[in-house]
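Everything on this sheet refers to the single structure shown next.
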Amino acid sequence: ILRLLADLNREVRAEAILLIAGIELIAHAGMLGRVQCDELALLVAQSSQAASHAAKFLGEAAGRFAQSLHEGTEYRLYSLTLGEGILLSLALSSNVPLGMIRHQCRQIAEQLSKYII
């Protein structure tokens, strides 16, 4: 799993790549340290739970959104749902093309699914 996250980081050069289960950080890669990644993972998990409530309210078939994206002027926070309560999240520069992020995340998610789902 760490090798896959490191491979993803080589492609996108993220501030942080987080693998989250529930509210727990399972693994991380990128420039941020463990403490910062733990704090960001908690925020991402809480945001995902709120989005899940909205998805259910809106009648989304799976009861959750498959992806979420938050964009600022300098940073982008992208999350991909891998399974029930399992997220792959990236915090990275807004200069990285969104299409590349989505493509790389889907490829890594497919490989991660062998180990975590």
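The values are calculated or read from the model by the stated rules, or taken from the named source; none is laboratory data. The model shown is predicted, which means the values in this text are computed figures rather than measured ones. Here Cβ is always computed from backbone atoms with ideal geometry, including for glycine, and neighbour counts include all displayed protein chains.
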Condition first: under 18 Å from Lys114 (Cβ atoms) and surrounded by 22 or more Cβ atoms within 10 Å (Cβ to Cβ). Now tell me which residues in segment 6-16 satisfy that. Leu8
Contact list, first residue from segment 33-51 and among the basic types (Lys, Arg), second anywhere and modelled with pLDDT of 95 or more and not in a helix (DSSP H, G or I), beta-carbon distance below 9 Å, six or more apart or interchain, is Arg34/Leu25; Arg34/His28
Please go through (1) more than 11 Å from the chain's Cα centre (by Cα); (2) surrounded by fewer than 14 Cβ atoms within 10 Å (Cβ to Cβ); (3) in a strand (DSSP E or B) for Val35 and return the number of the only condition it doesn't satisfy. (3)
Is it fair to say Ala29 is modelled with pLDDT of 95 or more, farther than 19 Å from Gln107 by Cα and surrounded by 15 or more Cβ atoms within 10 Å (Cβ to Cβ)? no
Out of all the residues in segment 58-81, is one or more surrounded by fewer than 20 Cβ atoms within 10 Å (Cβ to Cβ), hydrophobic (A, V, I, L, M, F, W, C) and in contact (Cβ under 8 Å) with a residue 60 or more places away in the chain? no
Find the residue count for segment 42-76, including only residues that are outside any strand (DSSP E or B) and either on the phi > 0 side of the Ramachandran plot or of a type in the set (S, T, N, Q) (or both). 8
Quick test for you: out of Leu82, Leu88, pick the one residue that is modelled with pLDDT of 95 or more, under 21 Å from Asp7 (Cα atoms) and either touching a Cys at 6+ places or on another chain (Cβ under 6 Å) or aliphatic (A, V, I, L, M) (or both). Leu88
I need the full set of residues from segment 82-93 which are surrounded by fewer than 20 Cβ atoms within 10 Å (Cβ to Cβ) and closer than 18 Å to Leu25 by Cα, in order please. Gly83, Glu84, Gly85, Ile86
Which condition does Val96 not pass, out of (1) surrounded by 15 or more Cβ atoms within 10 Å (Cβ to Cβ); (2) under 24 Å from Ile23 (Cβ atoms), if it passes all the others? (2)
